[in-house]
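The values are calculated or read from the model by the stated rules, or taken from the named source; none is laboratory data. Being a predicted model, the structure only gives us computed values, none of them experimental. Note that each Cβ is placed from the backbone with ideal geometry, even for glycine, and that neighbours are counted across all protein chains shown.
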Amino acid sequence: MGITDTGISRRKFMQGSMAVAAGAAALSAFGCAPNAEVKKTDKTEAVNPEEGGTWVNAACWHNCGGRCVNKVMVKDGAVVRQKTDDSHEDSPDYPQQRGCVRGKAQQQQCFGADRIMHPLKRKGWQPGGGSNSNGENRGKDEWEVISWDEAIDLACQEIKRISDEYGPTGFYCKSPDPSINVMCGCVRGWDTTSHGTYTLGAEMIGLPSCGLGNANDRFDMKNAEYIIMYASNPTWSAAGTPTYYYIQAHEAGAKFICVDPLYNASAQMLDADWLPVRNGTDMAFLLATAYEMLRLDEAEGDIVDWDFLHTYTVGFDAESMPSDAKVNENLKDYILGTYDGTPKTPEWAYPICGIEPEKITAFARIMGKNNKTMLLHNYGMARCNGAEMIPQMIVALGAMGGHMGKSGHATGSAYHANCGNAGPVLVKAGSATMPKTKNPCSTGVRQPQLYELIKNGGGDVLDVSNAYGSFHEGIPTTLGPIKGIFHSTDATLQTSLNQKEGIEAHRAVDFVLTRAQFMTTNARYSDIILPVTTEWERVGGVTSSNREFVYCYSQVTEPIGEAKTDQEIGTLLLQGMGMDPALAYDKSETQQFFEQIAGCQVLGDDGEMKPLVTITADDIQKMGVEGEAQEGVISMDEFITNGGYQYERTSDDGHGFIGWKSFVDDPAGKPLKSNSGKIEIYCQQRYDLMASYGYPGVEQYKPYPTYVTPCVGYESTFKDGKIGGEKGDYPFIMYNPHYLRRSHTVFDNCPWLRETWANPVFVSREDAKAKGISDGDTVLISTPAGKGLRRAAVLDILLPGVVGVPHGAWVDVDEKTGIDRAGSDNYLIGAEYGGFGVSGYNNQICNIEKYTGDALEPDCEWPQRIVNA
């Protein structure tokens, strides 16, 4: 599995990014030509558009994993230029925090023609519930502009009515803000979303919360011989510095292996070897790899690190079982087929995962203990039905090779802003102290099931969580009718699966109140829309970016139209309810900004965190806030003007980090959070938690990793559910990659990005030929849950049998046909679940066929959702 060293430089990386954008016309496919024409004249007028302007550090706040520097030139109240980090010379040791194409389109978020400028009311809705709601017209009705006074009055009337009649369980909100907690409370929805099955009980295994971390610092990646990018594409999903770190490791000689159904942009950039594991079948591939490691170790020796397994883990074999084990079984004997008579050989795995046996053997050799191998995963493989035991299997495979706690070796996540650069923070943002509000309703319901509950007017549910990543044994609960829905800081209806039923649920309630900047999916199916500001219109803020950088952004412009901040909206609602806003907000937003600055910390020479920003009495007076003077390492003016602070690094600065090292060096003194204090390959506690839910199919699982046929997955593409048989009505398996046009759902309305990234459906050339589909053809994607349209991008770099529908397109349902023209991924996914209740975002089944109706025009030609000019 050799890789040619191409010696990619920083400059070539930037050029390569452009090449990927162009050469994966395959992937972006069929974007529109720019809509601006360049006109040539005989005379060129010498104009400096920046003269008289001011550079402002503008927020780039979206959940993409970058948190990069974004600077805008403001002149006469308008943004006339935009750039990224140029605060210092760029170098591998001290890289600039450069933004991506999404950040450079942010001015279209703030100043877009489709901004919602005023409060809006759906014409067919009136307070009072019942027939007054005309709920069936949500998403179809026209809108009318109303005043803020009328909007707040109508909203509060309805909140009071529902609250008086049904109490806090009469409302639903996935992410309630303080004003909602104080006003009325709500039922919350939980989902496994970003981290998949790592959301559930990761600490019980001995992993960090949600499995985040335990990889190595960026400088140590250069010491690896092999870097495995499992379900990872940071060039798209965490644009910014992560790919640059990987390039440095590549230049140092590390060989990359991509495990993904798509030979993605990051793999292309790094000339990675490709193992196209079929989505949702990773357990079969990993079990077969473990089998081969055992076989090779017995035949040749020096593959499995038995000392590591027996010192730092429990449950791999009969010699290392945990004291709380209730089943006398272990992973090794399961792999060898002792219990079921089926050894988990590469030949067994091949029909399931699609990787040839000889390639599994080669991968097992790479995982051997004498190679410096980093097994770095993102979470795509964990967002699948049947992925409950992926966390235990990944860590087991890493432990088999002893790839923890030493230089050049790693087993952990490569996710979000810390992708490629794990370790404790060297500089971190401060926070403002605000009143702690409590939701009077403690019930948390699995998000995809909530829609059915709402449609049915209530029912029996299992309360297992009221916060992301915080789970407890199931509590049987009966809920009454949910009559109101709030959307505040989330994009729930767009980002959650079972979207088609979600739309029906929104049409079944009495009232939907949404804060929005545009006519998003949440807003479209609402009754009252309150226009909320972007971060560019707020006083400023401080946010941690990665372990080395804290970003400080300032206000770019005054609020657009009648938009208000979340705090201003929450204050108006509380006043309208006759409540004291100080119960939720007892400080001005300027005071909060100051406290964020004052609370920033940096690692000192003594190894302790200390204040980052020097603040004087004059600073406090100028800002008009309350506070204390303090001594830091950078003045307040510099911190704000520079756009934050970056900790300058060198490879020998003593701040390098090796995941698991403290535990490996002193397992007794630095135990993990598991019951045994070790890595639990057999984990009774986590299994018992899962069993307490009683979800379908739980009886298939064990407290150690096994292959379980998912409730929906590859087996479901066959008529009788048996691999190799006759294909069924939905013969393909669909996954939903993150996509450069969007950060989740954000940016989907930006014309520049729609022109560049056309949001196609990815189809392999083999499947396209069999279906008579060509590049650019309109394709009908059908699943048991719904139907959608997209134009085809025919690829040679996608595993046949797999269909890729990019995540986050704003749904646009044809009410006559029920088909979504936008190809929203979550409109195509149902609510199926089993085991731990993991949501199957990446192994839904589908069919594709050339559409016989009117062809889709390119997305960039679609009219914007402009309600008020």
Complete set of residues in segment 440-452 that are crowded, with 21+ Cβ neighbours inside 10 Å and either touching a Lys or Arg at 6+ places or on another chain (Cβ under 6 Å) or not hydroxyl-bearing (Ser, Thr, Tyr) (or both)
CYS441, GLY444, VAL445, ARG446, GLN447, PRO448, LEU450
Could you tell me which of the residues ASN378, ASN456, ASN421 is more than 22 Å from TYR695 (Cα to Cα) and either of a type in the set (A, V, I, L, M, F, W, C) or not assigned by TED's automatic domain parsing to the domain that holds PHE256 (or both)?
ASN421
Would you mind finding the one in VAL803, VAL811 that is within 24 Å of GLN109 (Cα to Cα), crowded, with 22+ Cβ neighbours inside 10 Å and β-branched (Val, Ile, Thr)?
VAL811
Top-ranked residue of segment 213-253 - restricted to ones that are within 22 Å of PHE285 (Cβ to Cβ) and among the small types (Gly, Ala, Ser), ranked as modelled with the lowest pLDDT:
SER237
Of all the residues that make up segment 425-439, how many are crowded, with 20+ Cβ neighbours inside 10 Å and of a type in the set (S, T, N, Q)?
1
Within segment 732-749, residues at pLDDT below 95 and aromatic (Phe, Trp, Tyr) come out as TYR739, PHE747
Within segment 482-516, of all residues that are touching a strand residue (DSSP E or B) at 6+ places or on another chain (Cβ under 6 Å) and in a loop (DSSP other than H, G, I, E, B), the one nearest to PHE171 (Cα to Cα) is ILE482
Scan segment 348-374 for residues that are of a type outside the set (Ser, Thr, Tyr), under 21 Å from ASN279 (Cβ atoms) and not in a loop (DSSP other than H, G, I, E, B) and report the count.
9
Exactly one condition in (1) closer than 23 Å to VAL532 by Cβ; (2) modelled with pLDDT under 95; (3) more than 33 Å from the chain's Cα centre (by Cα); (4) not aromatic (Phe, Trp, Tyr) is not met by ASP76; state its number.
(1)
Checklist (1) over 22 Å from ASP748 (Cα atoms); (2) in contact (Cβ under 8 Å) with a residue 24 or more places away in the chain; (3) not acidic (Asp, Glu) applied to THR478, failing item:
(2)
In the list ASN546, ASN522, which residue meets the criterion of being crowded, with 24+ Cβ neighbours inside 10 Å, modelled with pLDDT of 95 or more and not β-branched (Val, Ile, Thr)?
ASN522
By residue number, the members of segment 470-491 that are modelled with pLDDT under 85 and buried (at least 18 other Cβ atoms within 10 Å of the Cβ) are PHE471
With the requirement that a residue be part of a loop (DSSP other than H, G, I, E, B) and either without any contact (Cβ under 8 Å) to a residue 60 or more places away in the chain or acidic (Asp, Glu) (or both), what does segment 632-663 give you?
GLY632, VAL633, GLU648, ASP652, ASP653, GLY654
Per-region count, segment 161-190, residues under 13 Å from GLY570 (Cα atoms) and surrounded by 23 or more Cβ atoms within 10 Å (Cβ to Cβ)
6
List pairs: first in segment 149-160 and within 13 Å of GLY128 (Cα to Cα) and buried (at least 21 other Cβ atoms within 10 Å of the Cβ), second aromatic (Phe, Trp, Tyr) and at pLDDT 95 or above, Cβ under 7 Å, 6+ apart or cross-chain?
GLU158/PHE511
Out of contact with any Lys or Arg (no Cβ under 9 Å at 6 or more places or on another chain) and within 26 Å of TYR291 (Cα to Cα): is that true of SER635 in this structure?
no
Can you report the number of residues in segment 831-863 which are surrounded by 16 or more Cβ atoms within 10 Å (Cβ to Cβ) and out of contact with any Lys or Arg (no Cβ under 8 Å at 6 or more places or on another chain)?
11
Going through segment 664-698 in order, the residues found to be aromatic (Phe, Trp, Tyr), part of a helix (DSSP H, G or I) and either buried (at least 21 other Cβ atoms within 10 Å of the Cβ) or outside the structural domain of VAL314 (by TED's automatic domain parsing) (or both) are TYR687
Looking for something part of a strand (DSSP E or B) and either surrounded by 14 or more Cβ atoms within 10 Å (Cβ to Cβ) or among the small types (Gly, Ala, Ser) (or both) - is there at least one such residue anywhere in segment 619-631?
yes
Unique residue being over 30 Å from ARG686 (Cα atoms) and in contact (Cβ under 8 Å) with a residue 40 or more places away in the chain when the list is ASN868, ASN826
ASN868
All but one of (1) touching a Pro at 6+ places or on another chain (Cβ under 6 Å); (2) within 29 Å of GLU388 (Cα to Cα) hold for SER782; which doesn't?
(1)
Filter segment 397-418 for residues that are part of a loop (DSSP other than H, G, I, E, B) and under 25 Å from HIS738 (Cβ atoms); the one that is modelled with the highest pLDDT is ALA414
Selection count, segment 308-329, where residues are surrounded by 13 or more Cβ atoms within 10 Å (Cβ to Cβ) and not in a loop (DSSP other than H, G, I, E, B)
8
Got at least one residue in segment 572-585 being at pLDDT 95 or above and touching a strand residue (DSSP E or B) at 6+ places or on another chain (Cβ under 6 Å)?
no
Which listed residue, of MET269, MET229, MET221, MET283, is farther than 21 Å from TYR735 by Cβ and in contact (Cβ under 8 Å) with a residue 24 or more places away in the chain
MET221
